[in-house]
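Rule-based calculations on the coordinates, nothing more; no lab input. The shown structure was predicted, so the numbers you read here are calculated from the model rather than taken from an experiment. In this analysis, Cβ positions are derived from the backbone assuming ideal geometry, glycine residues included, and neighbour counts consider all displayed protein chains.
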Amino acid sequence: MATIRLVSQPDEKGSFSTNIGADVINEALKSVEKAKAAVRGVEVEVAPPAEGAPADPPPASSEPSEVESLKAQLELSMAKGRELMGKVKDEHEKMLRAVADLENFKKRAAKEKEEIQKFGNEKLLKDFLPVVDNFDRALGHAASSGDLDSLKKGVEMIRKLFEDTLGKHGVKSFTSLGQPFDPNKHEAMSAAETDQLPPNHVHSEFLRGFTLNDRLVRPALVVVSKAKAAPEPAAPAEPAPAASPSDEPKS
């Protein structure tokens with residue numbers, strides 16, 4: 001601590017005056033500056049207390065220290081990181097399961113497609129087996145009896161059964177005789193002159209057309225009518241040449 005030295009001298013009136021040295025004043029000013037700097041948070045060198053004197057208690061802090069604040073922030077970031085990694089892990093497992101399900105679906109679809117290609121017509125063929133059986137019966141009956149009328153009647157019945165089976169699966173035939181020619185469902189094979197039908201109508205058909213659920217499967221092969229050509233006028237007869245005097249018979 002700075003020591004203040006008092007110098008007492010009597011004045012003319014018998015009173016005393018106090019003189020303070022300049023070094024003492026300077027030391028006091030320095031102490032004041034150090035105290036101000038300590039208040040602003042600047043590290044100030046403080047002389048150790050005198051032996052036997054009680055030490056000043058450390059200043060109480062109302063906020064946590066910077067290290068504790070950083071530690072708290074680090075723990076919070078690590079907790080959020082662990083939570084985010086858990087979510088990423090769950091999404092990754094979901095993605096792996098989705099990929100596995102997709103692969104299994106592709107395998108099942110490929111197997112079903114192969115089975116459809118092999119056995120998709122099974123129901124259709126089963127429906128046509130009675131038609132083949134009736135053909136066998138008709139041929140066997142015709143070989144044993146030789147009755148052509150019965151054979152004809154049996155073939156007509158089989159034909160009707162065949163068409164009924166086709167109709168059950170959406171296949172239908174259509175006739176075109178006498179109808180106007182339609183390139184969307186007719187295919188012209190030739191043309192025939194006739195006065196019984198207007199031009200560009202179906203005169204006759206080689207093959208019937210068929211549709212599957214109203215969609216054309218095979219066009220009808222037809223002969224198209226056309227107007228008869230007008231007869232050419234007969235050429236006029238040429239007159240006989242006149243006889244010349246030289247051609248007259250001599251007497």
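Details
- For region 121-169, size of Cβ-based charge dipole, Lys and Arg +1, Asp and Glu -1, in debye: 100 debye
- Computed over region 81-120, the P(r) curve from all C-alpha pair distances, binned at 5 Å from the origin, holds 5, 23, 12, 13, 12, 8, 9, 6, 5, 4, 2, 1 percent per bin.
- For region 170-228, with +1 on Lys and Arg beta carbons and -1 on Asp and Glu, the positive-most of PHE206, LEU216, ALA227 along the dipole: LEU216
- Three-way shape label, region 106-208, alpha-carbon gyration tensor, a/c 1.5: oblate
- Taking a ≥ b ≥ c as the square roots of the eigenvalues of the Cα gyration tensor, region 121-169 is classed as oblate, since a/c reaches at least 1.5 and a/b does not exceed b/c.
- Across region 170-228, the relative contact order, built from alpha-carbon pairs under 8 Å that are at least six residues apart, equals 45 percent.
- Taking ILE116, ILE158 and counting other C-beta atoms within 10 Å, the order from fewest to most: ILE116, ILE158
- Region 172-192 versus region 125-156: alpha-carbon centroid distance in Å: 32 Å
- Other residues whose C-beta falls under 12 angstrom from the C-beta of GLU83 contribute a net charge of +3, scoring Lys and Arg +1 and Asp and Glu -1.
- Relative packing of peptides 89-96, 126-133 - highest average C-beta neighbours within 10 Å first: 126-133, 89-96
- The alpha carbon gyration tensor of region 170-228 gives principal lengths a ≥ b ≥ c with a/c of 1.5 or higher and a/b greater than b/c, which makes the shape prolate.
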